[in-house]
Amino acid sequence: MTDFDLNRRSLMRAVPVATAAIGGLIGTAQAQTAAPKGPVYAVKPMPFDPQKVKGMSEKILISHYQNNYTGAVKRLNSIGDQLASLDWEKAPVFVINGLKREELVATNSMILHEVYFAGLGETNQPGSALAEAIARDFGSMDRWRSEFMATGRALGGGSGWVLLTYNPHDKRLVNSWAADHTMTLAGGTPILALDMFEHAYQMDFGAKAADYVSTIMAAVNWSNADKAFARASKD
């Protein structure tokens, strides 16, 4: 037997071992990068004393916070887990459609509830920069308030949001109408939110959505709105 035959036999024995080792490395790399887990969202603490929001009961505020806002955060985390484990090549389209739609609904519900709750508390007035922008874009503070409240009353008995939103496309403030947590202004930043889903008022006001709108407008804390507007409009 020649040296060539010996070397050939050694090489043939080594090839399967090397192939298996490379395959193992590739498999490990794929396992590490195939399904990165998305962010895990935490429930933010209630930013006000629920006993001190004038005209709103502690019971409805806590129920709203625990069931609707906290529920949205938990639902979003659960959806994220399901998306991370999904086989995108084999999953039925109705599963993908359902999960991605619910991801959007839960994400916006979380964000808009945070804006809504951040706008309640000890009543005050908007800061000078936001007040000037409202007067510029709506004609006056009173005209903005009238439009915002009328949009809320128009949603009474249905479901949706009224949002004072900064529109970066036009660099101005607008009142936007949003249904199903999803129909928001593309690229817009919500500055102040009015929740018009019945869970926000039915326990205290029954079907009197207009009374709820008036009560909320008398309990607006503008501190967070001032900060949100400053961040959104700085560019």
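Quick note: the coordinates plus some simple rules give every number you see, no bench work behind them. These numbers were taken from a predicted model, which means no experiment stands behind them. Quick reminder, even Gly has a Cβ in these numbers, built from the backbone with ideal geometry, and neighbours come from all protein chains shown.
The table below lists the values:
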{"quantity": "Relative contact order for region 124-235, counting Cα pairs under 8 Å that sit 6 or more residues apart, in percent", "calculated": "30"}
{"quantity": "DSSP-assigned coil residues among GluC sites (Glu not before Pro) in region 91-190, each with at most 14 further Cβ atoms within 10 Å", "calculated": "Glu122"}
{"quantity": "Loop-resident sites, region 56-133, for trypsin sites (Lys or Arg not before Pro), counting at most 16 other Cβ within 10 Å (DSSP)", "calculated": "Lys90"}
{"quantity": "14 Å Cα-Cα reach of Lys171 towards aspartates and glutamates, excluding residues that sit fewer than 8 places from it in its own chain", "calculated": "Glu132, Asp137, Asp235"}
{"quantity": "Per DSSP, loop chymotrypsin sites (Phe, Trp or Tyr not before Pro) in region 62-137 with at most 16 further Cβ within 10 Å", "calculated": "Trp88"}
{"quantity": "Calculated from backbone phi, Karplus (6.51, -1.76, 1.60) coupling profile of region 124-135 in Hz, x at Gly/Pro", "calculated": "8, 10, x, x, 4, 5, 5, 4, 5, 5, 5, 5"}
{"quantity": "Set of lysines near Lys44 by C-alpha distance (under 20 Å), chain-local residues within fewer than 8 positions excluded", "calculated": "Lys52, Lys59, Lys74, Lys227"}
{"quantity": "Prolate/oblate/rounded call for region 93-235, Cα gyration tensor, a/c under 1.5 rounded", "calculated": "oblate"}
{"quantity": "Dipole moment magnitude, nearest 20 debye, region 55-235 about Cα centre, only Lys, Arg, Asp, Glu C-beta charged", "calculated": "200"}
{"quantity": "Karplus (6.51, -1.76, 1.60) ³J(HN,Hα), θ = phi - 60°, over region 187-200, in Hz, Gly and Pro reported as x", "calculated": "x, x, 10, x, 9, 9, 10, 10, 7, 10, 6, 4, 5, 7"}
